[in-house]
Amino acid sequence: MATNKVTYGLKNIHYSLATQNASGEWTFGDPSPLPGAQELSTEVIGGSQSIYADDTVIATLTQNAGRNISLKLTEIDDEFKVSVLGYKKLTNGNLVEVTNFPVKTFALGFEFQGDAKARRVWFYLCSVTPINEATKTKGESIEANEITLNIVARPIEVGNFLVTHIVSNSEDDNYNEFLYTAPQLPTIGN
């Protein structure tokens, strides 16, 4: 099986609303596209700490409490603003930002390429902060605006494990429908 030596690109951003039932189980809705992706980066929430004794490191404690995700887009569509960010669409078509809207949890999916295979990813339990918007005047050249979504992906329980995301490679059986059907939690053996 070939492995990637390099990765590049970003496309096929999708989101899927998550719902938790009374017993604490999560389910995910049908994915919706989120067009205009420019850049995505993730950073682990946590880190590691070395424990010293007898003049040497005797253990290293690590913590992975999820990921901070930064997603830059050219624009955010109205459907995402309404279903995730809590905007309300008025009968005249205007959008109103509602600041006391309850936080929505969603899964975030995307695809990136590699020299040997493409990968598709779902981050399971995501929440996003309200967006900052900025624009500037046209000058001798025109620069497109960008909007950054600051997202936190926290772990979800899968049996005895806590997981943040799942990755499908182009050779996997579920690759073709991976981003286009509701995200599924993995079955992990002991």
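No value in this document is a laboratory result; all are computed from the given coordinates. Since we're looking at a predicted model, the values are computed, not measured. Neighbour counts are summed over all protein chains in view; Cβ atoms, including those assigned to glycine, are modelled from backbone coordinates with ideal geometry.
Backbone N atoms of segment 70-86 closer than 16 Å to the 7 Å Cα→Cβ label point of residue 96 belong to residues 82-83, 86. Between residue 188 and residue 82, the FRET efficiency from the beta-carbon distance, with R0 = 45 Å, is close to 0.80. Projecting label points 7 angstrom from Cα along Cα→Cβ for residue 154 and residue 104 puts them 1.8 nm apart.
The count of lysine pairs in the chain with alpha-carbon distances below 20 Å, taking only pairs 8 or more places apart or on different chains, stands at 11. Quick one, which of (1) 129; (2) 228; (3) 177 is the actual volume of the Cα convex hull per residue in Å³ calculated for this model? For volume of the Cα convex hull per residue in Å³, the calculated option is (2). For segment 51-179, the relative contact order is 28 percent, taking Cα pairs closer than 8 Å that sit 6 or more residues apart in sequence and dividing their mean separation by the residue count. For segment 115-190, GluC sites (Glu not before Pro) meeting the loop criterion (DSSP other than H, G, I, E, B) and having at most 15 other Cβ atoms within 10 Å: 133, 140, 143, 146, 171, 177.
Helix-only arithmetic for the chain: the sum of -39500 (n - 2.57) across DSSP H runs with n ≥ 4, divided by the residue total, places the mean residue ellipticity at 222 nm at -500 deg cm²/dmol. Rounded to the nearest whole angstrom, the semi-axes of the ellipsoid equivalent to segment 31-99, taken from the Cα gyration tensor as √(5λ), stand at 45, 14, 8, largest first.
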